[in-house]
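Okay, so here's the structure we're looking at.
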Amino acid sequence: MSPQVFSLLFGVNGIALIIGTQSVGRLNDYISEKTFLKFGLTLSNSAGALLLIALLLKAPLIAVAIPIFFLVASIGIISTTSFALAMETQGHIAGSASALLGLLPFVLGSLTAPLVRDCR
């Protein structure tokens, strides 16, 4: 794919992430976090399965891009709701819990970065 198509798909997936996170915030008064989490996990599993099928069948780009869009949107839903559910019970140590949840991705990233090797 050309650099222009790649940048377009990258931007569209950024919008998918925004849609996923914003939908949780906007609909939080009507739908519980647990329901959102279940929906996000179901969406993630479904989009992942469709993506796997599309890749195994060597489908065209659009058939791969659509499941990726929904997979990225589900990441926004899952991360937002799981963070809210984790913080819900930590009222007395909310600051420390938030700091730990913010630190964890960086620690895991630093531990896994050396495991990635150049495959050229």
Worksheet item: Within the range 17-31, what residues put their amide N at less than 20 Å from the label point 7 Å along the Cα-to-Cβ vector of Ala86?
Response: 17-18, 20-25
Discussion item. If I take every Cα pair under 8 Å that is 6 or more residues apart in the chain, average their sequence separation and divide by the length, what percent do I get for the relative contact order?
Written reply: 33
Item to complete: Could you calculate the contour length gain from Gln4 to Thr112, that is, 0.36 nm times the residue separation minus the distance between their Cα atoms, to one decimal place in nm?
Response: 35.8 nm
Discussion item. Run the numbers for Lys38 and Leu103: contour at 0.36 nm per residue of separation, minus the present Cα-Cα distance, in nm.
Written reply: 20.9 nm
Worksheet item: Counting Lys and Arg as +1 and Asp and Glu as -1, each charge on the Cβ, what is the dipole of the chain about the Cα centre in debye, to the nearest 20?
Response: 320
Fill in: Option label - Cα extents along the principal axes in Å computed here, alternatives (1) 51, 40, 25; (2) 42, 27, 26; (3) 79, 41, 25
(1)
Worksheet item: In the Gaussian network model of the chain, springs joining C-alpha atoms below 10 Å, which of Leu56, Leu43, Leu71 carries the largest mean-square fluctuation?
Response: Leu56
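A short reminder: the numbers here are calculations on the coordinates, not readings from a lab. Since the model is a prediction, treat every value here as computed from it, not as a measurement. Reconstructed Cβ throughout: ideal geometry from the backbone, glycine too, with neighbour counts over all protein chains shown.
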